[in-house]
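Step one of this worksheet: look at the structure below.
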Amino acid sequence: MESHAQSVEDNLIDSLSFKLRPGASYVTDRRSCSYFSQGNQFSPAGVKVIKMQLNSADGWLDPSTVKLFMNIKNDSGAPITPRVAGAWGMFSRLRVLCSGAICEDIDLYGRLHQQFDMMRPADKRENDAIEGFGANDALAPGKERVVAFTPMSGLLTNNNKYLPVKYAPLVLELSLVSSADEAFSGDSPAFTLSDVQLKADLVTLDNSLDNEYSSHLLEGKTLPIHFSTFTTASQVLTNLNSTVNVSRALTRLKGVYVSLSTDNAGAKEVNNFYHPMGGAYDKDKEISFEMQIGAKKYPEYPMQSASEQFYQLRKSLSIHDVNAQMDISANDYRNDKFVIGVDTQKVNGASFSGYNSKSGDLTVLRMKPLGNATLAGNCKIHYVLHYDSIMNIRDSGVEILE
């Protein structure tokens with residue numbers, strides 16, 4: 001032991017290092033900018049697609065500062081109450097395009113955003129609720145409220161690279177739900193959105209560094225931006241003993257998330273992650289789940305309890321045995337916050353270590369009851385594929401690799 005201890009290399013700890021941190025004098029300016037939607041009135045019964053163009057003659061967009069703001073008005077004759085605390089519940093689809101190429105296309109967007117929001121720590125959810133609808137506060141008839149949220153976009157908000165919108169202008173598209181009832185409860189709810197803005201910071205580089213990027217692109221080289229994003233789909237279930245085939249092929253699949261929804265007792269897809277137990281533990285209502293891609297099974301033996309399914313979910317989120325935990329109680333998980341996560345990466349935290357299903361491997365999801373569990377109401381199975389993608393920016397345009 002002593003020989004190993006003596007062989008360890010010494011490094012000067014930060015507390016004893018008085019070297020000043022590197023600067024960034026090549027950034028000459030930072031501006032807080034607003035991008036406005038094309039059109040000003042949006043509703044499920046009217047114009048449903050909100051589109052915003054993000055460009056700049058000299059700026060680089062800082063993704064960590066992106067936030068969507070909008071004014072919502074209750075157009076019904078009774079109070080309406082949001083089904084989720086965030087404004088994302090009003091949207092059914094999100095698309096991000098760059099120079100005409102589709103970078104992200106996320107269907108069932110409100111449900112996807114809610115799925116990951118309910119897994120975050122309570123303090124983060126409470127902070128975001130301040131920008132949203134608070135504690136799902138009701139909106140009185142004819143009243144208005146400004147709400148905001150960060151769109152769940154791998155390229156636009158969840159990557160650590162500044163986006164060169166001067167070379168690759170972006171377009172953000174959000175589609176409203178088909179019916180106000182999907183986002184709000186109340187007596188014949190109706191709403192209108194107006195004054196939709198995307199706010200973000202743009203940084204300006206000095207001429208010498210900016211010219212280097214321009215020359216790099218003019219020489220036929222690329223600026224690759226790595227990000228991870230999602231694709232979603234759902235299928236109607238007639239019973240719990242079901243097999244679902246997923247045909248989507250991806251070069252690097254990071255993980256898969258599976259959940260159920262029901263319309264029992266007026267439940268809506270945006271916030272209903274159904275489990276047959278309905279809250280209190282009942283061993284007779286456990287369900288079994290396994291996933292197979294080609295010849296490989298995840299895990300090698302089926303998950304046969306809610307405990308193991310929650311364990312696998314924590315693994316897939318890379319927070320197993322980490323201080324940052326999910327804001328989900330045991331009863332919640334076995335009631336309406338039930339999600340199964342399957343991690344398909346070889347190494348957590350490493351780039352491009354996910355499963356390559358481009359060779360034609362079929363992804364199969366298998367679920368069955370272990371006792372007398374049955375479905376309540378009309379049910380669907382929802383699956384989310386989480387995968388790596390790259391946007392290559394060229395002088396002539398962009399290409400998306402997935």
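Points worth noting:
- Of the Cα atoms belonging to the stretch 33-110, the radius of gyration and Dmax stand at 14.9, 48 Å.
- The chain - mean residue ellipticity at 222 nm from DSSP helices (-39,500 (n - 2.57) per run, n ≥ 4, rounded to 500): -3500 deg cm²/dmol
- Burial ordering of 269, 126, fewest other beta-carbon atoms within 10 Å first: 126, 269
- Coarse-grained scattering of the stretch 1-62 at q = 0.15, 0.16, 0.23, 0.29 Å⁻¹, given as base-10 log I(q)/I(0) from a Debye sum over alpha-carbon atoms: -0.77, -0.81, -1.04, -1.22
- Relative contact order of the stretch 227-390: 50 percent, from C-alpha pairs under 8 Å at least 6 residues apart in sequence.
- Among the trypsin sites (Lys or Arg not before Pro) in the stretch 204-288, those placed in a DSSP loop whose Cβ has at most 15 other Cβ atoms within 10 Å are 221, 248.
- Cα-based equivalent ellipsoid of the stretch 49-206: semi-axis lengths in Å, sorted from largest, via gyration tensor: 29, 16, 14
- Ranking of 88, 60 by count of other Cβ atoms within 10 Å, fewest first: 60, 88
- Projected area, mean over directions - the chain, Cα convex hull, nm²: 25.5
- Evaluated at q = 0.25 Å⁻¹: base-10 log I(q)/I(0), Debye formula over Cα of the stretch 136-226: -1.47
- Computed over the stretch 165-212, the range of Cα coordinates on each principal axis works out to 60, 16, 13 Å, biggest value leading.
FYI, it's all coordinate maths here, none of it is from the lab. Given the structure is predicted, the values throughout are model-derived calculations rather than measurements. Don't worry about glycine lacking a Cβ; one is built from the backbone with ideal geometry, like all the others, and counts go over all protein chains shown.
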